[in-house]
Structures are given as structure tokens and as C-alpha cells.
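Report on the structure given below.
The values are calculated or read from the model by the stated rules, or taken from the named source; none is laboratory data. These numbers were taken from a predicted model, which means no experiment stands behind them. No Cβ is skipped: glycine too gets one built from the backbone with ideal geometry, and neighbour counts run over all protein chains shown.
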């Protein structure tokens, strides 16, 4: 009888990983950008602790912004054409996505199968989405009502956080199990950011939607 419940329990545990919006500062309701430009997020001040040898922490930390930027590019590309900006490139007309990591913590895979907070990963990211090349970006700062970023009018500003939670040993498509949690947390965070700025991303309002 016990074996009949192993698969459902493992599936339930694996579904616990995810990211949610902790706080929203600006929400403009803007939609349908012409293009989306992603500037790799700042990680210089973040608490960073991946699983693995201590000696490779600086290497993994330096690569994290590029890794997350590619995840964002793939997810936000579902809304509009998206590209990752190089250091010498500037955005044109559309949305500029930038921000900073506050915490990237891998946890301990061997402890992640236990109930409770032991071994769980943790990720906290501050996100800022601005309009570039549009009317709001061209006017003087004093004439614009609302928040302004250094590149233009801030459309969205919020913080996402989450982690592996209790994933079980096998994990799943969004949970690391006994593996490295950081790539999973990055992908979950990128997907959550895309969902937050998409109107009806699951198509619930479409009568023929299979989601119903």
C-alpha cells in the first residue's frame, strides 16, 4: 500500500518550488512593448552562496547576471522581441529591464528532502522596467508625473523572491531535487517576471482555452 502513494507525494513535494512577488513599487499597466532590452542585473552587493567548492563562488557569482539575462530573454521573448544588451550597447525604443540581485542562496541539496526550512534555496531580485525612446523618456523629469529611471519612465518596479522549498529527492521541471538549485530559481524568477507584466498570460479569458 505504501508504494501506491510514493509518486503522488513526490509530485507534491516537487511542486513546492517557485517564486512570488514580495513587493510592488510601480505598476503602470503598460502592455505591448515594441521590443524588450535586458541589461544583466547587478550582483555586486548580493548575498551569494552556491552549492559547491568555496573557491568557485566568485566565478559562479560573476557569471550569474549573464545566466539570468538569458533566462529573461527567453521568457520575455514570449511578449515581444527581446535581446540582452552588451556593455557598450544602449536600448532603443521599447522596454528596458534591469535590476539587482539581493540574495542568491543555493541551500544544501542533501538537506532539501527534509521538511522545514533546512537546506532550502533562496532568491531575492529587485526588478525595474522602464520605457525607453518613448514620449515619457524624452520629456524633462520635472514634467513627468510618476517615477523616472535613468533611462526613462519607470513602468514597473517590484521585488520577487522564492526558492526550492521542500522539493523532495527527485525534483521536477521547476524544482532541483538533489541538484543545483540556482538554475531552477533563475528560470522560475524569469518566468514569474514575464507572467507579472503579461495580461492574461494563461489565456483564461479565451473561450477555447484548454486552461479552463
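Can you list residue pairs whose Cβ atoms sit under 7 Å apart, with the first residue in the stretch 66-83 being closer than 16 Å to residue 182 by Cβ and the second being surrounded by fewer than 19 Cβ atoms within 10 Å (Cβ to Cβ)? Count only pairs 6 or more apart in sequence or on different chains. Cβ pairs passing all conditions: 69/84; 70/84.
Looking only at the stretch 115-122, decide whether some residue is out of contact with any strand residue (DSSP E or B) (no Cβ under 7 Å at 6 or more places or on another chain) and either modelled with pLDDT of 95 or more or buried (at least 22 other Cβ atoms within 10 Å of the Cβ) (or both). So far as the stretch 115-122 goes, no, none of its residues is out of contact with any strand residue (DSSP E or B) (no Cβ under 7 Å at 6 or more places or on another chain) and either modelled with pLDDT of 95 or more or buried (at least 22 other Cβ atoms within 10 Å of the Cβ) (or both). Of the residues examined, residue 174 is one that is at pLDDT below 90, under 13 Å from the mean Cα position of the chain (by Cα) and either in a strand (DSSP E or B) or on the phi < 0 side of the Ramachandran plot (or both). Just to be sure before I move on: is residue 85 surrounded by fewer than 17 Cβ atoms within 10 Å (Cβ to Cβ) and modelled with pLDDT of 95 or more in the structure I sent? Judged against the criteria, residue 85 is a match.
Within the set 86, 34, the sole residue that is assigned to a loop (DSSP other than H, G, I, E, B), in contact with a strand residue (DSSP E or B) (Cβ under 7 Å, 6 or more places away or on another chain) and farther than 25 Å from residue 122 by Cα turns out to be 34.
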